[in-house]
Amino acid sequence: MNSNRPVYIVDAMNYIFRAYHALPHSIAAPSGMLTNAVLGYLRTLLRIIKERKPEYLVSAFEGDTSFRRAIFADYKANRVETPDELERQFPYCRDVSEAIGVPCFEVDGYEADDIIGTIALRMHDCGHPVVVITGDKDMCQLVRDGIRVYDIGKEVWLDEIGVREKFGVAPSQIPDLLALLGDSVDNIPGVFGVGDKTARQILSVCSGVEDLVISPHLDGQFTFRGRADILRRIRENIEAVRTSRNLATIRCDAPINVTPETVRYRRANSRLLEPLCNELGLRRVIDDIPLAQPMLFS
């Protein structure tokens, strides 16, 4: 049994967006700035702290750029622009995280998914169990022995068996699944004519789409309708399929410093927290925030 304490990694953007859309837009700072996303995100962190009593807890953010746009110019091009009243809350979400003692990670050119993947694998390699806290299906590709996904909103935990039951494929095959099906959320193209059942049958026979190229003798094991046309279409468009798989694959090599010390939860710094909560009109939650013990000597 692993005696190391688990590392909790929060998909900050996922819960910030959820809070913005779920909580009333009457929640505002004394200045009039909307603060519903900050409050909802803060409540999520405090729930994790209260329920899990973590030794290691971090939040993953992302900037405005992504290396994936250089691969495919229309990546996420279908997304509506982030409302100004939400975007103004992003820096405060980072500030709140740091003030309550939760380290934040963010790197230009990488998305939050890649930050999460990098932290998860590095801490897993250090011998720590990892819990990725998110409602994003793409994160399930990170799942393996020692790494689970937890959707705190739905209270759903996913391990390898859970991912197979939910998606019909192994966690490592999720990028291949998305490459075949496409992903309308991120505007990743799929293969025309390939639906859920077809994609899952392909991946029940193949470890990934590359097997269709290097092992054509597998064709006889497929039973889906239009088999010859669909397999021909995949092979003729294999470069596009590879690009889609690349877009859907979480990078786990972001240039960040990940050690047990850099991901340690430190409790709140009252000197940072109190003025921030005053500015945001969030004084009512201060009593729920564990404070760091004061230093005897400074």
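Among the residues examined, residue 184 does not qualify as hydroxyl-bearing (Ser, Thr, Tyr), closer than 25 Å to residue 14 by Cα and at pLDDT 95 or above. The lone criterion from (1) at pLDDT 95 or above; (2) within 30 Å of residue 269 (Cβ to Cβ) left unmet by residue 153 is number (1).
Just the residues that are among the small types (Gly, Ala, Ser) and open to solvent by 40 Å² or more (accessible area, probe 1.4 Å), please, taken from segment 27-55. Within segment 27-55, 28, 31, 32 meet the criteria.
Screening the candidates 54, 24 for the property of being in contact with a strand residue (DSSP E or B) (Cβ under 8 Å, 6 or more places away or on another chain) and over 23 Å from residue 107 (Cα atoms) yields one hit, 54. Taking the numbered list (1) over 18 Å from residue 57 (Cα atoms); (2) touching a Phe, Trp or Tyr at 6+ places or on another chain (Cβ under 8 Å); (3) open to solvent by 30 Å² or more (accessible area, probe 1.4 Å) in turn, residue 86 passes all entries but (3). When you check residue 116 against the structure, is it open to solvent by less than 10 Å² (accessible area, probe 1.4 Å), at pLDDT 95 or above and under 20 Å from residue 17 (Cα atoms), yes or no? In short, yes. Condition first: closer than 16 Å to residue 176 by Cβ, aromatic (Phe, Trp, Tyr) and open to solvent by less than 50 Å² (accessible area, probe 1.4 Å). Can you find one or more residues in segment 211-222 that meet it? Yes, that holds for at least one residue. A single entry from 62, 85 fulfils the requirement of being within 30 Å of residue 282 (Cβ to Cβ), among the acidic types (Asp, Glu), touching a residue at least 24 places away in the same chain (Cβ under 8 Å) and not in a helix (DSSP H, G or I): 62.
For residues in segment 240-296 being among the hydroxyl-bearing types (Ser, Thr, Tyr) and part of a helix (DSSP H, G or I), which is nearest to residue 47 (Cα to Cα)?
270
The values are calculated or read from the model by the stated rules, or taken from the named source; none is laboratory data. None of the values given here were measured: they were computed from a predicted structure. FYI the Cβ positions are ideal-geometry reconstructions off the backbone, even for glycines, and counts take in every protein chain you see. Remember, those area values only see protein heavy atoms, side chains included, never the ligands or the DNA or RNA. Shrake-Rupley method; radii C 1.70, N 1.55, O 1.52, S 1.80 Å.
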